[in-house]
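Undergrad: One structure, as structure tokens, below. Some questions next.
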Amino acid sequence: MRKVTTSAYMPTEIEVEQISDTVATITAWPFEAGYAVTLAHPLRRLLYTSTVGYAPTAVKIDGVTHEFDSMRGMLEDVAIFIVNLKNLRFKLKTNSNREVISYEFKGPKELRGADLSNDKVEIVNPEDYLATLNEDAELKFSLIIEKGIGYVPSEELRDGVESGYIAMDAFFTPVKKAVYEIQNVLVEDNPDYEKIVMTVTTDGQISPLDAFKNGVEAMYKQMSIFNKVLDIDVTSAIASATAGGEHAKLFEVVENLNLSARSFNCLAKADIKYIGELALMEESELKELKNLGKKSLDEIKSVMEEIGYPFGGNKLGDSKEALRKKIADLKK
């Protein structure tokens, strides 16, 4: 039978599986029915549009005036060469948001991505093909590589490029694929709770977990605008959510500690429901609880130390206030 509640169930569990350097699965649960897709869908969209990556935005080729030109000694037309450049995935080694990098090659040579790596830039897909030069060909070109998000068509970049450069469609996003699955999960005999299983695949410019973090951060930042019109503290909400991910154990009920009946009953009578409440308490506060003897105190102290949360909340650091507020909200 469904219980009457005044707030949505707070998810407490999260798992990360690093399948490879470019693929990871993030699983979080349990969510109230309907909440999982409400969060997963916009997060998926933000992964594609808000994850920072690198891309070439313009190219200047000696002897070439436009993208439909041809170049003596190169097998490919300039348009095909530019398409091949756009397919390369770049990663700046410097802290700059923009670099202009010049190259010079003489034939005969088959150019691949690896040939463009140097002390300023790394090519994530070094085996990708670029062009073939014959024995009398000389290819000189300069690339503008920038840091950005999403996709920017060449039409929007054309007015900003220097004379002699050809603007290129810029595919900044390093996220190749972001998919989610909503599964049902059992909570206290209720099978209607949900689990988000999200798989993120990147092109290698960034790890999938870092991409996921970027997406979550973008969601928080976008939501912060409502702090100006609503009586809520978004910063505090973010801190609470962070505490919940890092210290999920603290949002579990005290029953999960498997204490003796005497110890548990003393805590229940004192309205101590969550493990986090114990983590925030000083040993002196527990001693003052009615009917809590030394044996029960020692038992609780031992169990809390065993799970890594001794009394006083010293391990929590700056998360203490966020934890205290979140537990208070859960107990309303």
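Undergrad: Please go through region 41-80 and give me each residue that is among the aliphatic types (A, V, I, L, M), closer than 29 Å to Thr94 by Cβ and part of a helix (DSSP H, G or I), ordered by number.
TA: Passing the criteria: Leu46, Leu47, Val78.
Undergrad: Still on this structure: From the list Arg44, Arg89, which one is within 24 Å of Ala24 (Cβ to Cβ), open to solvent by 60 Å² or more (accessible area, probe 1.4 Å) and touching a residue at least 60 places away in the same chain (Cβ under 8 Å)?
TA: When all the criteria are applied, what remains is Arg44.
Undergrad: Considering region 149-192 alone, what residues qualify as being touching a residue at least 24 places away in the same chain (Cβ under 8 Å) and under 22 Å from Phe68 (Cα atoms)?
TA: Selection gives Val152, Leu157, Val161, Glu162, Gly164, Tyr165, Ile166, Ala167, Met168, Asp169, Ala170, Phe171.
Undergrad: Another one. What's the total number of residues in region 140-189 that are within 30 Å of Ala36 (Cα to Cα) and not in a strand (DSSP E or B)?
TA: So the answer is 6.
Table: residues versus (1) touching a helix residue (DSSP H, G or I) at 6+ places or on another chain (Cβ under 7 Å); (2) at pLDDT below 95.
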site: Thr5; (1), (2): no, yes
site: Ile14; (1), (2): yes, yes
site: Ala24; (1), (2): yes, no
site: Phe31; (1), (2): no, yes
site: Thr49; (1), (2): no, yes
site: Gly53; (1), (2): no, yes
site: Lys60; (1), (2): no, no
site: Thr65; (1), (2): no, yes
site: Asp69; (1), (2): yes, yes
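Undergrad: Quick one: Ser102 ticks every box in (1) farther than 24 Å from Asp210 by Cα; (2) modelled with pLDDT under 95; (3) part of a strand (DSSP E or B) bar one, so which box is it?
TA: Status for Ser102: all satisfied but (2).
Undergrad: Next question. Among the residues of region 207-222 satisfying the criterion of being assigned to a helix (DSSP H, G or I) and either acidic (Asp, Glu) or more than 8 Å from the chain's Cα centre (by Cα) (or both), which is surrounded by the most Cβ atoms within 10 Å (Cβ to Cβ)?
TA: Ala218
Undergrad: Of all residues being over 20 Å from Asp128 (Cβ atoms) and among the aliphatic types (A, V, I, L, M) in region 47-85, which is least open to solvent (accessible area, probe 1.4 Å)? Just the residue, please.
TA: Result: Leu47.
Undergrad: Considering region 253-277 alone, what residues qualify as being of a type in the set (Gly, Ala, Ser), farther than 20 Å from Lys320 by Cβ and either open to solvent by 50 Å² or more (accessible area, probe 1.4 Å) or touching a residue at least 40 places away in the same chain (Cβ under 8 Å) (or both)?
TA: Matches in region 253-277: Ala261, Ala268.
Undergrad: Give region 278-293 a look and list any residue that's in contact with a helix residue (DSSP H, G or I) (Cβ under 9 Å, 6 or more places away or on another chain), within 17 Å of Pro310 (Cβ to Cβ) and either modelled with pLDDT under 85 or open to solvent by 40 Å² or more (accessible area, probe 1.4 Å) (or both), or say none.
TA: Glu283, Lys287
The values are calculated or read from the model by the stated rules, or taken from the named source; none is laboratory data. Here the structure is a predicted model, which is why all the values come from computation and not from measurement. Glycine gets a Cβ as well: all are built from the backbone with ideal geometry, and neighbour counts include every protein chain shown. When the accessible area is computed, the model is the full protein with side chains, heavy atoms only, and any ligands, DNA or RNA have been set aside. Shrake-Rupley method; radii C 1.70, N 1.55, O 1.52, S 1.80 Å.
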